[in-house]
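The structure under discussion appears below in the form of structure tokens.
The values are calculated or read from the model by the stated rules, or taken from the named source; none is laboratory data. Note that this is a predicted model, so its numbers are computed, not measured. As a convention, Cβ positions derive from the backbone with ideal geometry for all residues, glycine included, and neighbour counts pool all protein chains shown. We work out accessible area using only protein heavy atoms, side chains counted, and drop any ligands, DNA or RNA first. Shrake-Rupley method; radii C 1.70, N 1.55, O 1.52, S 1.80 Å.
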Amino acid sequence: MMIDDAQTKLLLDVQNLTVRFAIKRGGLFGKAKHLYAVDDISFQIKRGETLAIVGESGSGKTTAALAVARLVSAYKGRVNLNGTDFLSLQDEDLRQARSKMQFIFQDPYSSLNPRIRAEKIVCEPLDNLDTIPKEERQNIVDKLFEAVGLHHEQQRLFPHQFSGGQRQRIGIARALATQPDLIICDEPVSALDVAVQAQILNLLRKLQADFGLTFLFISHDLGVVQHMCDSIAVMYMGKIVEYGDRKSLFNNPLHPYTKALLSAVPSVDKKRRAESKRILIPGDPPDPLDLPKGCRFANRCPVAQGRCQSEKPRLNEVTQAHSVACHLVNETGIAPIHE
Amino acid sequence: MSEPLLKVQNLRIELSLRDGIAPVIDDLSFELGAGESISFVGESGCGKSMTALGIMGLLPEKVGRIASGTITFDGEELTTVTQKRLRAIRGNEISMIFQEPMTSLNPVYTVGEQIAEVLRAHQGLSKSAAWNCAIELLDAVRIPNARRRVSDYPFQMSGGQRQRVMIAIALACEPKILIADEPTTALDVTVQAEIFDLLNELKRQTGTAIIMITHDMGAVAEMAERMIVMYAGRNAEQGPVEQIIDHPRHPYTKGLISCVPHIMATLNDERYELTEIAGIVPPLREFGQDRCLFASRCNMVSQKCLDKRPPEAIFGDGQRAACWHAGAI
Ligand SMILES: Nc1ncnc2c1ncn2[C@@H]1O[C@H](COP(=O)(O)OP(=O)(O)OP(=O)(O)O)[C@@H](O)[C@H]1O
Ligand SMILES: Nc1ncnc2c1ncn2[C@@H]1O[C@H](COP(=O)(O)OP(=O)(O)OP(=O)(O)O)[C@@H](O)[C@H]1O
Ligand code: SF4
Ligand SMILES: [Mg+2]
Ligand SMILES: [Mg+2]
């Protein structure tokens, strides 16, 4: 059997992932409905690379990431991590596999236990795993503090004695402790000031290069995403509407929603402001409990046609590195909105 | 030349802390003309909101006070007027939109009642006239189907719609100045873009001057004619937006512009490292010291910066930068 290069490099392969939540509506006798927060999405990340997920609030980014890490349960789908079927693992196998997948959360203020010293916070994943002798753990903690740019003396401090950026560094050190293959970063810099944001983004990229880390990177900031990612998935209402490598997607965005997102980013660049026309998508996304029959974006889409209302668009390949779920793109292979 | 609409001179606002008094605003001066828009930028804790609260006469009670300086609005000195007069100005001539729209709307009243309430209190409209005017205002801030939505409660609206209701309330009294404190921080970019368009259009139509507080240079570039960069309670730099973005004269401004990954129109394989501003804003108790408060983070620092507060270097078109080495940047 021939194993092609792309496959050997694949670290995470997510297929048809679906997550639904039961929602009670309409009082005591109301029927429970299901909210499909993530609806049949698939994506892959190669080892050492970064996949970014973008999309507006409520589009399902966090839920997708939590499902990948089994922090919420998937209703359908498969998650293949480094060749093992992650969702079916049990007990000790699961514990070991979990240590290879770590989370960095958005809020450096609430994600750390305020009563535990920084060194202990960083060491905890190692203590839980218990595969490394106690004596060696301190040595690892020392190295981690250095790697994320914290001083040795700061190990004894409590979270409230650190600034926001420093707390995020502690979160990163902790995520690195078990030498994970995959780090899921859920809005890791959204709560930070821009100047500190740059420090953390540079740190993440440096650590990625030094340790060969693989990132699943969630953000709603397209500038940050463009800077960090190798490929990108744009989500809207639980669906991936566009998926591609960094250059294809940013240089040739095809889906009307992606276009609108990009056009909405305020820019300091006079030239970009003058050249790009803002694409307005007024209105609200549909009720997630009462989704439209056709394309979920249709009610806000400036170029929607009859077919968009009645028929669901499939995520189709435009090129090998670029897929889009839009009827109009599927027919022509070109963007239906152009400036 | 005629007097500007708002003129702030050498404003100093002090906060009483457990371990003493700190100047949270330290010698700030700026002017705002009628129909103009100005933006305040800077990191968290630099005093942006405090400036707005100072102008509105809403400093935290017992903790904050205007220690010196003047705030002249339309010829009237605000630092010495009575509370009653301040309230009248707040309701009618200067209004403010706050950072978090959910917390500033009352959950138990419909949005229509809340807008109408402002109209009745400040413009003396009758109940039915106020209600009709509320519908017009919701329409003006582009809430679709305003006649029906006017009876909605805040929780029935999306974040962007709630922020638009806040704008409607702020506009209800046709203010001369609208202060918007991070009006879009909690919103998606596509919604933010709509709010910005809306504010710009209202400004064109009504001639309201806008003070917008933000931490996003891109937002400044789209929204304002002039900007003020605040650092540790002080004016680091101010002047025309385009001019400052093209050629910042303060290392902090320069850092703020280049530390953000700006989206690029055409990407290639090249990746650059983001410029960092090392360290963080100093704590409040260090504000007011006679040195450059940015010195510990600055890559141009010299002995002079540590010894004495830098004076403002003046450049063309009202650009000023408080840095000892401003000329070298
Ligand atoms: N535990 C839950 N129970 C019910 N619904 C949920 C739950 N968690 C999330 N949801 C819903 O699932 C949808 C997706 O939410 P999710 O948090 O994944 O969005 P997101 O893209 O991460 O948004 P944000 O940018 O605001 O973080 C939303 O409609 C949300 O209300
Ligand atoms: N009621 C208060 N009592 C004491 N200190 C306060 C009070 N309100 C604000 N401060 C302090 O004053 C300083 C300036 O606060 P301000 O709210 O003006 O900052 P900002 O520039 O608006 O920041 P942000 O971007 O976070 O909104 C901060 O250090 C803050 O902690
Ligand atoms: S005065 Fe000195 S320390 Fe302050 S910004 Fe200018 S060069 Fe930097
Ligand atoms: Mg989320
Ligand atoms: Mg503020």
Check B:285, B:309, B:297 and return the single one that is open to solvent by less than 50 Å² (accessible area, probe 1.4 Å) and under 23 Å from residue B:27 (Cα atoms).
B:297
Considering residues that are outside any helix (DSSP H, G or I), open to solvent by less than 80 Å² (accessible area, probe 1.4 Å) and under 21 Å from residue A:108 (Cβ atoms), the number found within region A:121-159 is 5
Do we have any residue at all in region B:89-103 that's within 16 Å of ligand 2 (Cβ to nearest atom) and in a helix (DSSP H, G or I)?
yes
Of these, A:26, A:77, which one is at pLDDT 95 or above, closer than 24 Å to residue A:289 by Cβ and not basic (Lys, Arg)?
A:77
Could you grab me the full set of residues in region B:181-202 that are in contact (Cβ under 8 Å) with a residue 40 or more places away in the chain, open to solvent by less than 30 Å² (accessible area, probe 1.4 Å) and within 14 Å of chain A (Cβ to nearest Cβ)?
B:182, B:183, B:194, B:198
Looking at (1) on the phi > 0 side of the Ramachandran plot; (2) open to solvent by 30 Å² or more (accessible area, probe 1.4 Å), which one does residue B:222 not meet, given that it meets all the others?
(1)
Within region B:259-277, can you find the residues that are open to solvent by 70 Å² or more (accessible area, probe 1.4 Å) and either farther than 17 Å from residue A:262 by Cβ or of a type outside the set (A, V, I, L, M, F, W, C) (or both)?
B:266, B:268, B:269, B:270, B:271, B:272, B:273, B:276
Total residues in region B:135-154, condition part of a helix (DSSP H, G or I) and touching a Leu at 6+ places or on another chain (Cβ under 7 Å)
4
Name the residues in region A:189-225 that are within 17 Å of residue B:188 (Cα to Cα) and of a type outside the set (A, V, I, L, M, F, W, C), would you?
A:190, A:219, A:220, A:221, A:223
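Out of contact with any helix residue (DSSP H, G or I) (no Cβ under 9 Å at 6 or more places or on another chain) and charged (D, E, K, R): does that describe residue B:270?
For residue B:270, the condition - out of contact with any helix residue (DSSP H, G or I) (no Cβ under 9 Å at 6 or more places or on another chain) and charged (D, E, K, R) - is met.
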Subset of region B:104-142 [at pLDDT 85 or above and touching an Asp or Glu at 6+ places or on another chain (Cβ under 9 Å)]:
B:106, B:109, B:110, B:111, B:112, B:130, B:131, B:134
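Would you confirm, using the coordinates I've provided, whether residue B:217 is more than 16 Å from ligand 5 (Cβ to nearest atom), open to solvent by less than 30 Å² (accessible area, probe 1.4 Å) and within 14 Å of chain A (Cβ to nearest Cβ)?
Judged against the criteria, residue B:217 is a match.
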When restricted to A:186, A:245, the only residue closer than 25 Å to residue A:120 by Cβ and more than 16 Å from ligand 2 (Cβ to nearest atom) is A:186
In this structure, is residue A:48 part of a loop (DSSP other than H, G, I, E, B) and closer than 30 Å to residue A:281 by Cα?
no
Being under 17 Å from the mean Cα position of the chain (by Cα) and either over 18 Å from residue B:265 (Cβ atoms) or within 16 Å of ligand 5 (Cβ to nearest atom) (or both), is that true of even one residue in region A:243-259?
yes
Residues being of a type in the set (Gly, Ala, Ser), within 14 Å of ligand 5 (Cβ to nearest atom) and at negative phi - total across region B:39-73
6
If we keep only residues of region B:65-92 that are in contact (Cβ under 8 Å) with a residue 40 or more places away in the chain and closer than 20 Å to residue B:24 by Cβ, then the residue most open to solvent (accessible area, probe 1.4 Å) is B:65
